[in-house]
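Engineer: Have a look at the structure that comes next, please.
Where a number appears in this text, it was derived from the coordinates with a stated rule and is not lab data. Computed from a predicted structure; not experimentally measured. Cβ placement follows ideal geometry from the backbone for every residue including glycine, while neighbour counts extend to all protein chains displayed.
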Amino acid sequence: MPDHLQTAVRAELARAKVNLALHITGQRNDGYHLLESLVAFPQIGDRIALEPSEKLELDIDGPFARELDPAGDNNLVLRAVRGFAEKAKTDVPSVKITLTKRLPVASGIGGGSSDAATTLRLLEDVTGIYLSGEDLHELAASLGADVPVCLTPEPQVMRGIGDDLAAAPLLPDCGIVLVNPKASLETPDVFRALDKKNNPQLAKMPDAFDDIAALIAYLTNSRNDLQTPAMSVCGAIGEVLNFLQGDSRILFSRMSGSGATCFGLCAPTEMRAIETDLRTAHPDWWIASGPLS
Ligand code: C5P
C-alpha cells in the first residue's frame with residue numbers, strides 16, 4: 001500500500017439501534033422497567049474514529065455536533081474511555097476520538113449508546129487490551145441500559161431491563177427509512193406517561209424471518225408500548241406516523257424506543273426514492289434510509 005494511504009485511524013459506523021418491537025412487561029422496585037424488544041441495527045449511524053494522540057481528546061463534527069458538549073462530564077464517549085481504563089486497570093489511553101454525529105440526539109435510536117459501545121470496541125483494538133465478555137458487558141451496562149445491546153450490532157432480543165441479550169432470528173433483505181420530526185424526548189418523561197406497565201410478552205419468534213412478509217406478519221402482532229405515551233408528550237410523532245402510513249411503498253411503520261424517531265420498512269429497491277420524496281415533502285424532518293441489517 002502506498003505510504004500516503006496508510007493510516008493509524010480506526011473508524012467504525014456506530015449503527016442506530018431500532019426497536020422493531022418493544023413490549024414493557026413490568027417494573028422493578030428500583031423504577032427500571034422490564035421489557036422485551038426485537039432490535040435491528042441498520043446501516044445508518046454515527047461514525048467513530050480513533051487515532052493515537054498526545055492525550056485523550058474528543059472532537060465532534062457532523063450535522064448534530066452542536067447538540068453535544070465534547071467537554072461535558074456526562075459525554076458517553078468520554079465516560080466509555082474512562083470506564084475502560086478503570087476496568088482494564090490501565091492509564092486513560094491517549095487517543096483522539098472523532099465523533100461524526102449524524103443521528104439526532106435523544107431520539108429513540110440509541111445514538112449515544114451506540115457511540116459508547118463502538119468506542120469500547122475500537123479501544124480494545126487500539127490498546128490491544130481485550131476485556132472479558134463479562135467485564136465489557138458490565139462496563140457497558142454501567143454507561144446506560146441500551147449500551148450492552150449496541151456492543152453487538154446484529155439483530156437481537158433484549159429482555160430484563162435491556163441487559164439480558166440473545167441473538168434474534170435472521171432478518172430478511174429489507175429497507176428501512178428513519179424519520180424524526182426534529183423533536184428530542186427524554187426517556188424518563190415517556191416512561192412516566194406510560195399508564196400500564198404489565199403488558200403481554202413478545203410472541204414466540206420463528207427460526208428465521210424468511211421474507212419481508214414474514215417479518216411484517218410478526219411485527220403486526222407486536223407493539224411498541226411506549227408509542228402512545230410518547231405521542232401524548234410529542235404530537236409531531238403522530239404526524240410522522242400518519243405520513244409513513246399514507247405511503248403505499250412503506251409496508252410497516254412504528255416508533256422506535258421512547259421516540260421520537262419512527263421507522264418504515266420497505267423493499268430495498270424503494271428506500272432511496274422514499275427518502276427523496278419524504279425530504280421534498282418535509283424538508284424540516286430528519287430522514288435517513290439504508291438496509292435493515
Ligand atoms: O439507562 P439509560 O440512561 O439509557 O436509561 C434512561 C432512563 O430510562 C432511565 O433513567 C429510566 O428512567 C428509564 N429506563 C427504564 N427502564 C429501562 C431502561 C430505561 O425505566 N429498562
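Engineer: Count the net charge of all other residues whose Cβ sits under 13 Å from the Cβ of Ala214, scoring Lys and Arg as +1 and Asp and Glu as -1.
Structural biologist: Once all neighbours under 13 Å are counted, the net charge is -4.
Engineer: Here's a follow-up. Could you tell me which residue out of Phe41, Pro52, Leu20 lies farthest along the dipole of the chain toward its positive end? Charges go on the beta carbon: Lys and Arg +1, Asp and Glu -1, centred on the Cα centre.
Structural biologist: Checked the options; the winner is Leu20.
Engineer: Which of Ala167, Asn29, Ala106 sits farthest toward the positive end of the charge dipole of the chain, with +1 on the Cβ of Lys and Arg and -1 on the Cβ of Asp and Glu?
Structural biologist: The Cα lying farthest towards the positive end belongs to Asn29.
Engineer: Restrict the search to the range 11-110; then list the trypsin sites (Lys or Arg not before Pro) that DSSP places in a loop and that have at most 12 other Cβ atoms within 10 Å of their Cβ.
Structural biologist: Arg28, Lys55, Lys89
Engineer: Taking the simple approach of a point 7 Å from Cα along Cα-to-Cβ for both Ala214 and Arg279, what is their distance in nm?
Structural biologist: Between Ala214 and Arg279, the label points sit 3.4 nm apart.
Engineer: Sticking with this one: Let me see the P(r) profile for the chain: every Cα-Cα distance counted, bins of 10 Å, each bin given as a percent of all pairs.
Structural biologist: Each 10 Å bin holds this share of Cα pairs: 6, 28, 35, 23, 8, 1, 0.
Engineer: For the chain, what is the charge dipole size about the Cα centre, in debye to the nearest 20, if Lys and Arg each add +1 at the Cβ and Asp and Glu each add -1 at the Cβ?
Structural biologist: 500
Engineer: Additional query: Would you please name the trypsin sites (Lys or Arg not before Pro) within the range 193-288 that are DSSP coil residues with at most 10 other C-beta atoms within 10 Å of their C-beta?
Structural biologist: Qualifying residues, ordered by number: Lys196, Lys204.
Engineer: Given charges of +1 on the Cβ of Lys and Arg and -1 on the Cβ of Asp and Glu, with all other atoms neutral, how large is the dipole of the range 210-293 about its Cα centre, in debye to the nearest 20?
Structural biologist: Roughly 100 debye for the range 210-293.
Engineer: Let me ask something else. Can you tally the lysine pairs in the chain where the Cα-Cα distance is under 28 Å and the two residues are eight or more apart, or on different chains?
Structural biologist: Value for the chain: 17.
Engineer: Find which of Thr187, Leu76, Cys150 sits farthest along the positive direction of the dipole of the chain, computed with +1 on the beta-carbon of Lys and Arg, -1 on that of Asp and Glu, about the Cα centre.
Structural biologist: Checked the options; the winner is Thr187.
Engineer: With runs of 4+ DSSP H residues as the only contributors, calculate the mean residue ellipticity of the chain at 222 nm using -39,500 (n - 2.57) per run, divided by the residue total and rounded to the nearest 500.
Structural biologist: It comes out at -8500 deg cm²/dmol, rounded to the nearest 500.
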